[in-house]
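The values are calculated or read from the model by the stated rules, or taken from the named source; none is laboratory data. None of these values were measured; they are calculated from a predicted model. Ideal geometry is used to build each Cβ from the backbone, glycine not excepted, and the neighbour counts take in all protein chains shown. Surface areas here come from the heavy atoms of the whole protein model, side chains and all, with no ligands, DNA or RNA. Shrake-Rupley method; radii C 1.70, N 1.55, O 1.52, S 1.80 Å.
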Amino acid sequence: MIEIRFHGRGGQGAVKGSDLLAMAAFREGKQVQAFPFFGVERRGAPVTAYTRISDDVIRIHCFIYEPDVLVVLDPGLMSAVPLTDGLKPGGTIVINTTLDKSAFPVTGIPDVKIATVDCSSIALRYGLGTPEAPIVNTTILGAVARATGVVSIDSVADAIRERIPNKPDLNAQAARDAYDRLHG
Amino acid sequence: MKPKIRKDGTVAVEKTGDLPDMPVSMGSMKSNKTASWRSIRPVIVEARCKRCMICWKVCPEPAIRPGDPPVVDLDYCKGCGICIAECPFDAIDSEKEGK
Amino acid sequence: MNAAETTGKRPFRLTLPEEEILSPGHLACQGCGAAMAMRYALKALGRNTILSIPACCWAVIDGPFPYSAAGVPVFHCAFETAASTAAGITHALSRLGREDVTTVAWAGDGGTFDIGLQALSGAAERNDNIIYVVYDNEAYMNTGIQRSSATPHGAWTTTTPTLQFKKGPKKNIMEIMVAHSIPYAATANIAYPEDLVKKLRKAQSIRGMRFLHVYAPCPTGWKHAPGLTVKIARMATECNVFPIYEVEEGVYTLNRRNPTPVPVAEYLKMQGRFHHLREEDVQFIQSRVDRDWQRLIKLEQAFGKAAGT
Amino acid sequence: MKKVLTGNFAAAYAAVAARVQVISAYPITPQTTIVEILSELVARGELAADFIKVESEHSALAACIGAQAAGARTFTATSAQGLALMHELIHWTGRARLPIVLANVNRAMAPGWSIWADATDAVSERDTGWMQIYCEDNQEVFDSILMAYRIGEREGVLLPTLVNLDAFFLSHTSQVVDLYDAERIDAFLPPYRPAVKLDVADPRSFGALTSPDYYYEFSFKIQKAHEAAAQAITETGKEFGTLFGRSYGLTEAYRCEDAEVVLVTYGTIAGTAKVAADRLRNRGVRAGVLKIRYFRPFPAEDVVRILGRVKAAGVVDRAVSYGQAGPFYTETRSVLPGAGPALTGFIAGLGGRDVSVADLESMFLQLREGKPSPLVWIGVKP
C-alpha cells in the first residue's frame, strides 16, 4: 500500500487533488481511499488530505502518519508546518515551486527524493485560477505521476476529464505539461 | 389482520396473537354506547316540531336521525341539550333521567 | 310507514350533506364544539379523506385502540407534527397516484398556535398540498385547561388563575398564515355549519396549503352549560370576537357583518372563565374587539375584491 | 458498476437503488452531501421520488412517518444534533413499526461544537425499537441500506433501521463501491407493499390511545420483532452474498478462530483494528477482531460463542455512557457468562480523535497483561 499526503492551502484544491489521484489509481484497477483532514476549512489556511492506493482491500481508517509520498501545493508550507514528519526513508516529496530542489534540504530522513515543478505558472497558462490564486491541484498530479510512478499520466488525465466539470481538457493538459517539465 | 367482532360490535382482542403489530383500529366506536353519560333526555314533541332538522344539524354525536319527525337515538345521546337550546320552536322537552 | 316514505318525498329539507361519516359513541364531552367541527368537516370532505391528528382533544375523541370513530383513516401523530406528518402523507399519495384523496391535518389550538407552529410554517412555505384545520377552543383542554397562545385576554385557565388571568391578546394565526402567501385561509365557526362546509369544499377544490381556523367552544374549559355551545359560538361572531372571513390569494372577504354588534359583555357573561372580570376589563376587551374589527374592515377595503387592482 | 464514492454518496445512491418514493431530510454537517446529491438526482429525474425539503429534522422524520404510513418507501438522513432533535419521532417510528431507513453520520454532540466522529449520538437511541447498523466502509454503507429495507419490511419484523457511518472517516472518504446493476437489486428488493396502510378503502386509525390492557403486549411484540429480525438479518446477509458476492451477519469475526486476545469494536475502528491484528500476528501475537454490525438487535449469541474461546477481550467504544462505561462494553459484558473472558472497556476516538493502528496495537497488548478494567481512556491527556 502506498500512502500519500497532500499539503495545500484552502482554495488550492488539495482535497480534490487527493480524490483525483485515487480516481486515477482506481482506473488502473487499484483499491483506493481518499479523504481530507476534517478541519473547518477556510481560504488560505493550511489543508491536509490523504490518498491510499493498494492492490488489496484497504481496511485502515485513520490518518496517515508515515507517508510514502508528500505532495506540497504551496512551497511556503515547507517551512510553515512540520511537513516531513513521519516521511518514510526513501520517500518522495513533490513540490510546486519555482525553485530548485536544493532549496528544500531534508534532514534526518535517508534517501528522500525531491521533485519540483512550477505548477502555478503552468496552471495559469491554461487559465486555471487567477495570478493571485492559481488552482494547481490538477497540474501537480502530472508531476506526482512522473515522480512516483504510482499511476500513469494517462490515468491522471482520464480521471481529471471524468471528474472536473469546468475546463476538463485544459486541466488534463496542464497535468501532462507538468509531467513533461518535471525536474526530478 | 382479521379481527373477531362480537355481536355487540366490540372487537375480541384477548390474546397477544389477536393484536396487530401496532395499535391499528379494528372496529368502530359505534360499539361504545354513551347513553349512560346522560342525565337529561331530549323528547321531541311531534305536535310542535316543524321538521326544520336543526336538532339533527347541531347534534355533536350525531345521535339524531333526520325524519318526520326526527328521532333521537337514545343509545348515543349524551344529553348535552344543544338540540333543546337550539330548537326554534321549543319543540324538544327536557326530561330528567332516572326519575 | 309515514306518508313521506310512501311517496318518496320528505317533508323536510337538509342544509348539510346527510351522510354521517363520524360515528356516534366517540369520547367527546357533552356539547363538544370540536366534535361538531369534525362531523361537519367529514360531511364536507367525504370518505376520500385521510387525517393526521396530533395530541389534542381529538386524540381521545376518536376513541382508544382497537376502535375509531372518525370513519376515515387517521394517523395519530406527535403533538408538533400535524402539518409535517400530513405533508408526508400527501406526498406519498401523490407518488402513489392517489390525487383523489384529501389530506387533512386536524389539530387543536395548542398544536397549531404553539408547539406545531414551526411545522405548520414549513408546510405553508412549501405550499404542501394539505388542508390544515385548527379547531380552536382557546386553551389546552385535553390536558385540563391550560393557557395557550390562543387563549384570549381576560380568560381564566388553570395556568392563568383569576388573580392573574391571561393578559395580552390571542395570537393572530390567520395573519401569520396569510403572511405565508398561501392560496386559501379562512375562519369558520361551528355555529354556521353551512358556511363551514362551503369553505371546506372550496378548500378541497384548491391545491396547496389551505388553512381553516374553526371556532369550537369547550363547555368544560369555558365553564358554560353544554347546551349553550352553539349559542356562545354564534354570539362570538355576532359580537365580532370571532369574525368569519376568507383570504383567497391575498384577497380578503368578510363573510358576515353585524349591523349592530352584540356587546362583548353579553358574550363574556355566558362563560365562567370570564366571571372574575371587572367592568373596566370588559370595556378594555370591547375596545380591542372594536379595534380588531376595524382593522379587518380596512384590510378588506385595501385588499378585498372591491379594492380593484 | 464500480465507482469511487464517499460514504455520503454511497448512502444516497443506495436510496436511489432502493427506489425510495419519498425523501424528507434537513441538512447538517457532515450529512449534507447526502441531501445535496439526492436533490440533484430527483431534479434530474434519475430518482422518481418526492423530496420534501423540510424546515427541521423533527419535521423530516415526521414527514417520513406520514409517507411510510401512507404506503411509500421513505428515506432520511441526519447526524448528531439532528438525530437528537428527531428523538421523539425515533420512538414514534419504532412503535409505529414503520420500516423507514435513516442514514446517520455519527458525529459528536455539542457543546463544544464538534462535527467529528463519535457514536454517542446513535447509541443514545438504543431503546427506541430501531435496528442499528454500524458500517466499516462505504461498500457496507451501500449494502446495509439495501438490506435494511429488505429486512425491515419483512413480515414479522416491520422495524426501522438506523444505518450509521462515521463522520468524515466514511462520510467524506472516497472508496471503491460496487453499485451492482439495477435488475439484480430490483430482484433482491421488490417494491414496498405494506399489508396495512392509510387507505380510504379500509379506514383505520393508527396509534390511538392505548390502555395498559394492550400497551404492554405491543411492547412485547417489538421485542419479538427484534428476535425475528436477528434471524432475518442472518438469512438476508447470506442471500445477499449469493447474489452480490458479499455476505453479512450480525457480526463479523476476523481472525478469531485461534485468537488469544480479541478486540470487539464497530464502525471504521473495526477496519483499523484488523490492520493492527495483522501486524501483531506478524509479531507472534494471536490477535482477532469481532466487529459488531448490529447494536440492535444485539448479537448476544455471536458474542458469547466467539469470546467464549478467548482468554482476554476488550471492547473499543467511540461513545460513552457517562457515569457507567462504553455502551458496547456494557452490552457485551451483560451477555457474557460469569466465567467468560477477562473483559476490558476502552474509550477511544471521541469527537473525531484519530484512532491509529498504534493505538489499537497498544490495546491488544494491554489485554495480554491480564488486568481487566471496565473503563480505560485511550490517549487522554494526563
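Worth pointing out:
- Once the Cα atoms are used to define both axes, helix D:212-244 deviates from the longest principal axis of chain D by about 70 degrees.
- In this assembly, the C-B interface accounts for approximately 3200 Å² of buried accessible surface in total, computed with a 1.4 Å probe and without ligands, DNA or RNA.
- Sum of side-chain charges, C:Arg126 neighbourhood, beta-carbon under 15 Å (Lys, Arg +1; Asp, Glu -1): -1
- The convex hull of the Cα atoms of the stretch D:212-290, projected and averaged over all directions, covers 7.6 nm².
- Dipole in debye (nearest 20) - the stretch D:251-377, about Cα centre, beta carbon charges: Lys, Arg +1; Asp, Glu -1: 100
- Radius 12 Å from Cβ of D:Asn138, net charge of other residues (Lys, Arg +1; Asp, Glu -1): -4
- Options D:Leu89, D:Pro191, D:Ala77, ranked by Cα towards positive dipole end of the stretch D:2-244, top entry (Cβ charges): D:Pro191
- Building the convex hull from the alpha-carbon atoms of the protein assembly as shown and averaging its projection over directions returns 49.7 nm².
- Taking all protein chains together and rolling a 1.4 Å probe, A:Ile153 ends up with roughly 20 Å² accessible.
- The figure for B:Ile44 is an accessible area of roughly 40 square angstrom, using a 1.4 Å probe on the protein chains alone.
- Estimated buried accessible area (total), pair D and A, 1.4 Å, Å² to nearest 100: 1900
- Computed log₁₀ I(q)/I(0) - Debye formula, equal Cα scatterers, no solvent, chain B, q 0.10, 0.15, 0.20, 0.24 Å⁻¹: -0.39, -0.67, -0.91, -1.17
- The residue among A:Phe6, A:Ile109, A:Asn171 whose Cα reaches farthest toward the positive pole of the charge dipole of the stretch A:2-181, with charges on the beta-carbon of Lys, Arg, Asp and Glu, is A:Asn171.
- Computed with every protein chain present, the accessible area of D:Glu46 is close to 100 Å² [probe 1.4 Å].
- Annotation note: trypsin sites (Lys or Arg not before Pro) in the stretch C:121-185 located in DSSP loop regions with a Cβ neighbour count of at most 12 within 10 Å are C:Lys167.
- Peptides C:35-42, A:79-86 ranked from most to least packed by the mean count of surrounding Cβ atoms within 10 Å: C:35-42, A:79-86.
- The residues packed around A:Thr148, meaning those with a beta-carbon under 11 Å from its beta-carbon, carry a net charge of +1 if Lys and Arg are +1 and Asp and Glu are -1.
- nm² value of the averaged projected area, convex hull over the Cα atoms of chain D: 19.8
- Going by accessible surface with a 1.4 Å probe and the largest first, C:Ser205, D:Ser39, B:Ser94, A:Ser18 read C:Ser205, B:Ser94, D:Ser39, A:Ser18.
- The loop-placed trypsin sites (Lys or Arg not before Pro) in the stretch D:4-67, going by DSSP, that have at most 15 neighbouring Cβ atoms within 10 Å of their Cβ come out as D:Arg44.
- Accessible-area composition of the stretch D:2-244, carbon plus sulfur, in percent [1.4 Å probe]: 54
- Cα-centre dipole for the protein assembly as shown with unit charges at Cβ (Lys and Arg positive, Asp and Glu negative), debye to 20: 1600
- Among the GluC sites (Glu not before Pro) in the stretch C:157-263, those placed in a DSSP loop whose Cβ has at most 14 other Cβ atoms within 10 Å are C:Glu249.
- Proximal aspartates and glutamates relative to C:Lys231, as straight alpha-carbon distance under 12 Å, when same-chain residues fewer than 8 apart are discounted: B:Glu86, C:Glu266
- Averaged over the residues of C:10-20, the number of partner chain Cβ atoms lying within 10 Å of the residue Cβ comes to 4.
- Centroid-to-centroid separation of the stretch C:129-204 and the stretch D:204-266 [C-alpha atoms, Å]: 46
- Of all the options D:Ala17, D:Ala276, D:Ala358, the one that moves most in a Gaussian network model of chain D with Cα springs shorter than 10 angstrom is D:Ala358.
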